[in-house]
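All remarks here apply to the structure that follows.
Derivation of every value follows stated rules applied to the coordinates shown; laboratory data play no part. All of these numbers come straight from a predicted model, not from anything done at the bench. Heads up, the Cβs are rebuilt from the backbone with ideal geometry, glycines too, and the neighbour counts pull from every protein chain shown.
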Amino acid sequence: MLKKSSVTGLLVILVVLLGVLLPSRLAEPASMQDETRVECDPIQLAVFSNRVQVRCASPVPGTNILFFAAPVSAANADSFLTLAASAMDAGGTLRITFDLLDQSGAALRCDVDNCRLILWMSLDS
């Protein structure tokens, strides 16, 4: 059986570790916590008053996510559209990185069931 002083010492160590490790994990940007990268064969592009959006031919495996969006106010929104249009024209594949758990796109009417915000995108021929 552990002595009371041993249990107290273990609790102090645990509290110190939590005080060091937990804030550093919480300080990470959400995009660094649950980044997912998928291949997307774009079949539709859309521009709305508040977002640009690409629709992929098939959903992210294990989900209903077919759409990826970026706010029109984002500095790279035009670049996303250009890459997606190039992929559609050339039959290329987009590689899209997004945060699977981030549902903040709902504010842009990016449906939480089938849409996620784009963190970054690349085009493969």
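Observations on the model:
- Annotation: the residues THR63, THR97, sorted from fewest to most other C-beta atoms within 10 Å of their own C-beta, follow the order THR63, THR97.
- Whole-Hz Karplus values for the range 56-63 come out as 8, 5, 9, x, 4, x, x, 9 Hz, taken residue by residue from phi with 6.51 cos²θ - 1.76 cosθ + 1.60 and θ = phi - 60°; glycine and proline positions read x.
- Local electrostatic count at LEU81 - Lys and Arg +1, Asp and Glu -1, tallied over other residues with Cβ under 14 Å: 0
- Residue order for SER86, SER49, fewest other beta carbons within 10 angstrom first, comes to SER49, SER86.
- Estimated translational diffusion coefficient (Stokes-Einstein, Kirkwood radius over Cα pairs, 25 °C, 0.890 mPa s) of the range 34-124: 194 µm² per second.
- Nonlocal amide H pairs with GLN44, under 5 Å, H built at 1.01 Å: ARG55
- Residues whose amide H lies under 5 Å from that of VAL52, counting only those 5 or more places away or on a different chain, are ALA70, VAL72; hydrogens are built 1.01 Å from N in the peptide plane.
- Whole-number percent relative contact order across the range 34-124, with pairs defined as alpha carbons under 8 Å at least 6 apart: 33 percent
- 3J(HN,Hα) from dihedral phi, the range 112-125, Karplus parametrisation 6.51/-1.76/1.60, rounded to Hz, x for glycine, proline: 5, 7, 9, 9, 9, 6, 7, 8, 7, 9, 9, 10, 10, 8
- 3J(HN,Hα) along the range 84-96: 5, 5, 4, 5, 5, 5, 9, x, x, 10, 8, 10, 10 Hz, from the Karplus curve 6.51 cos²θ - 1.76 cosθ + 1.60 with θ = phi - 60°, whole Hz, x for Gly and Pro.
- Ordering MET88, MET121 from the fewest to the most neighbouring beta carbons within 10 Å gives MET88, MET121.
- Amide H contacts under 5 Å for LEU119, placed H, 5+ residues apart: THR97, PHE98, ASP99
- Approximate spin-label separation ALA46-ASP34, in nm, with each point projected 7 Å along Cα-to-Cβ: 2.3 nm
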